[in-house]
Amino acid sequence: MKILLPPSETKRPGGLDRPLEIAALALPSLAPQREALVDALVALSEDRALARRVLKLSERQAQDVEHNRMLRTAPTMAAVDRYTGVLYDALDALNLDRAARRWLGAHALIHSAPFGPIGALDRIPAYRLAAGTSLPGFPSLRRHWAEATGGALAQSGFLLDLRSEAYVALGPIPASVPSAYVRIVTATGRALNHFNKKAKGELVRALAETRPRIGSRASLLRWAQDSGVRLRSGDRSSDCGELELVVAE
């Protein structure tokens, strides 16, 4: 099983003095797309005023232009530690034990805009780029990523998709690949946005702590039942593999 996670706009600064190694990232077939997009971001950052407009940055966020300019030389840290925010605070990967972190490294992919899906323990620098950003003179991110990413994901076995719709569009899972997309709902089936990210982070933490062997929707549902996780088949599960993670209101 591979878990597909969304990234976060907010990121932890710093890291070790080890620059980005694109060749070392998960799904190495995506290296050409990664190289092209990193080059485009670095080039854009040479014009700070233009970069701020394109990335829709306030004066307070101007430092993010410098982060992009230094993508190839800046300090790096594990992606699961780089991202902050509600989902990653709930996951709290920094406080997982070594075995749980190794499990995350083997089973979790974080779908970033500049690098595509990367391993949870892949080392990345701080950056600024959202899924919906349009870079001058560059194809749309959807056109740039979708086909190549879908092909790379096709080799990953069963996929548990926790991404937002914007990132699903950057790497749709081929219909031939066994997968499940998770929605967060109440016991009555009402969709919830407020608790969406927190619930997903808690789900991934529970998986990392228990380290199950999962290869299908059925085995995932059995794990959930045994672990006290309220995961159930969605109304449309028969045709789209949808699962519902039930949380309290």
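Residue count for the stretch 68-97 under the criterion of being touching a residue at least 24 places away in the same chain (Cβ under 8 Å), part of a helix (DSSP H, G or I) and either surrounded by fewer than 18 Cβ atoms within 10 Å (Cβ to Cβ) or on the phi > 0 side of the Ramachandran plot (or both): the result is 3.
If you go through the stretch 98-132 one residue at a time, how many are assigned to a loop (DSSP other than H, G, I, E, B), of a type outside the set (A, V, I, L, M, F, W, C) and open to solvent by 20 Å² or more (accessible area, probe 1.4 Å)?
Adding up the residues that qualify gives 3.
Among the residues making up the stretch 22-67, a single one is under 13 Å from Ala126 (Cα atoms), within 21 Å of the chain's Cα centre (by Cα) and open to solvent by 40 Å² or more (accessible area, probe 1.4 Å): His67.
Sub-6 Å Cβ pairs linking a first residue in the stretch 226-249 that is under 16 Å from Ile173 (Cα atoms) to a second residue that is at pLDDT 80 or above and part of a strand (DSSP E or B), at least 6 apart or interchain, are Gly241/Ser179; Gly241/Ala180; Glu242/Tyr181; Leu243/Ala180; Leu243/Val182; Leu243/Leu231, ordered by first then second residue.
For the stretch 35-46, the condition holds for no residue, the condition being that it is polar (S, T, N, Q) and closer than 16 Å to Gly171 by Cβ. The set of residues in the stretch 170-191 that are open to solvent by 30 Å² or more (accessible area, probe 1.4 Å) and among the aliphatic types (A, V, I, L, M) comprises Ile173, Ala175, Ala187, Ala191.
Of the residues examined, Pro19 is one that is open to solvent by less than 70 Å² (accessible area, probe 1.4 Å), over 12 Å from Tyr127 (Cβ atoms) and at pLDDT 95 or above. Would you confirm whether or not the stretch 147-162 contains a residue that is in contact with a strand residue (DSSP E or B) (Cβ under 6 Å, 6 or more places away or on another chain) and in a loop (DSSP other than H, G, I, E, B)? Taking every residue of the stretch 147-162 in turn, at least one turns out to be in contact with a strand residue (DSSP E or B) (Cβ under 6 Å, 6 or more places away or on another chain) and in a loop (DSSP other than H, G, I, E, B).
The values are calculated or read from the model by the stated rules, or taken from the named source; none is laboratory data. Since this is a predicted model, take the numbers as computed values, not measurements. Ideal geometry is used to build each Cβ from the backbone, glycine not excepted, and the neighbour counts take in all protein chains shown. Keep in mind that these areas ignore ligands, DNA and RNA; they rest on the heavy atoms of the full protein, side chains included. Shrake-Rupley method; radii C 1.70, N 1.55, O 1.52, S 1.80 Å.
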